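What follows is a set of notes on a single structure, which appears directly below.
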Amino acid sequence: MAGALIKIDEEIVTSAVASVTLGGADWDSSYDVYMVKFNNVTGSVDSQNVFLRVLASSTPDTSANYDRARVILRANSAFVDSSNTNETKTYIGQQIGTLSNSQSNGVMYLFNFNNASEYSFATLEETAFRQDGNNHGNQGGWVHTVAQACNGVQFYMESGNLLSGTFTLYGLKK
């Protein structure tokens with residue numbers, strides 16, 4: 001399936017930034033499905049989560065309209081179901097921080113982003129080497145419960161800054 005992913009936008013973080021935005025002015029609305037890949041994401045403050053918001057007209061949507069559900073796969077204890085509704089952002093990554101090799105990596109598929117009559121939603125697969133030295137993963141998804149067109153996503157840390165990471169947005173060619 002060579003050539004099925006078309007790179008639209010990429011941000012490489014090598015020093016502290018408050019957030020990373022993919023899409024916005026670089027958004028290409030000619031795709032039905034998008035893939036977002038994030039690798040080697042680290043934060044400046046210990047034991048903090050990675051969060052995400054959608055962009056509406058290139059601005060992060062901070063409304064309390066994010067719902068999520070997932071299974072957290074934990075190497076050091078039993079798996080756990082995790083869900084919440086009406087949040088102002090969606091939880092993407094595990095508790096990462098400054099510990100050597102502490103990082104989050106994952107893939108999301110974005111759906112309905114160009115359809116102003118439907119909710120935007122995504123599937124998520126994420127794995128992390130957490131600040132506490134344990135491996136965890138997420139398998140699930142999230143939905144933004146507003147019928148509006150979206151043109152990208154914003155990543156940021158619960159507290160502190162993003163210190164490193166590669167964030168890439170692809171269009172999935174039909």
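The values are calculated or read from the model by the stated rules, or taken from the named source; none is laboratory data. For clarity, every value in this text was computed on a predicted model and none was experimentally measured. Every residue, glycine as well, gets a Cβ built from its backbone with ideal geometry; the counts of neighbours run over all protein chains shown. Please note that ligands, DNA and RNA were not included when accessible areas were found on the heavy atoms of the full protein model with its side chains. Shrake-Rupley method; radii C 1.70, N 1.55, O 1.52, S 1.80 Å.
Here segment 55-68 is the region considered, the condition is being surrounded by 14 or more Cβ atoms within 10 Å (Cβ to Cβ) and hydrophobic (A, V, I, L, M, F, W, C), and the residue that is nearest to residue 123 (Cα to Cα) is 55.
Sub-7 Å Cβ pairs linking a first residue in segment 25-49 that is closer than 11 Å to residue 9 by Cβ to a second residue that is assigned to a loop (DSSP other than H, G, I, E, B) and modelled with pLDDT of 95 or more, at least 6 apart or interchain, are 25/58; 27/151; 34/113, ordered by first then second residue.
Taken together, the residues in segment 156-174 that are open to solvent by 30 Å² or more (accessible area, probe 1.4 Å) and hydrophobic (A, V, I, L, M, F, W, C) amount to 2.
The residues in segment 145-155 that are more than 13 Å from the chain's Cα centre (by Cα), assigned to a strand (DSSP E or B) and buried (at least 18 other Cβ atoms within 10 Å of the Cβ) can be counted, and the count is 0. Within segment 94-133, being of a type in the set (Phe, Trp, Tyr) and open to solvent by 40 Å² or more (accessible area, probe 1.4 Å) holds for 109, 111, 119, 121, 129. Any chance segment 101-109 includes a residue that's closer than 26 Å to residue 31 by Cα and β-branched (Val, Ile, Thr)? Yes, the conditions are met somewhere in segment 101-109. Sub-7 Å Cβ pairs linking a first residue in segment 130-144 that is free of Cβ contacts under 8 Å to residues at least 12 places away in the same chain to a second residue that is surrounded by 22 or more Cβ atoms within 10 Å (Cβ to Cβ) and among the basic types (Lys, Arg), at least 6 apart or interchain, number zero.
Could you tell me which of the residues 99, 55, 73 is out of contact with any Ser or Thr (no Cβ under 6 Å at 6 or more places or on another chain), within 20 Å of residue 170 (Cα to Cα) and not polar (S, T, N, Q)? Answer to the check: 55.
Scanning segment 7-25 for residues that are among the charged types (D, E, K, R) and either within 12 Å of residue 160 (Cα to Cα) or surrounded by 15 or more Cβ atoms within 10 Å (Cβ to Cβ) (or both) yields 9, 11.
Taking residues in segment 150-164 that are aromatic (Phe, Trp, Tyr), and partners anywhere that are at pLDDT 95 or above, the pairs with Cβ atoms closer than 6 Å and at least 6 places apart or on different chains are 155/20; 155/52; 156/19; 156/51.
Residues in segment 31-48 that are of a type in the set (Ser, Thr, Tyr) and at pLDDT 95 or above were compared, and the one that is surrounded by the most Cβ atoms within 10 Å (Cβ to Cβ) is 34. Within segment 108-159, being hydroxyl-bearing (Ser, Thr, Tyr) and either within 21 Å of residue 12 (Cβ to Cβ) or touching a helix residue (DSSP H, G or I) at 6+ places or on another chain (Cβ under 9 Å) (or both) holds for 127, 156. Scanning segment 74-93 for residues that are open to solvent by less than 70 Å² (accessible area, probe 1.4 Å), under 19 Å from residue 122 (Cα atoms) and not in a loop (DSSP other than H, G, I, E, B) returns 82, 84, 87, 90, 91, 92, 93.
Could you tell me whether residue 51 is surrounded by fewer than 20 Cβ atoms within 10 Å (Cβ to Cβ) and under 30 Å from residue 134 (Cβ atoms)? Answer is yes for this residue.
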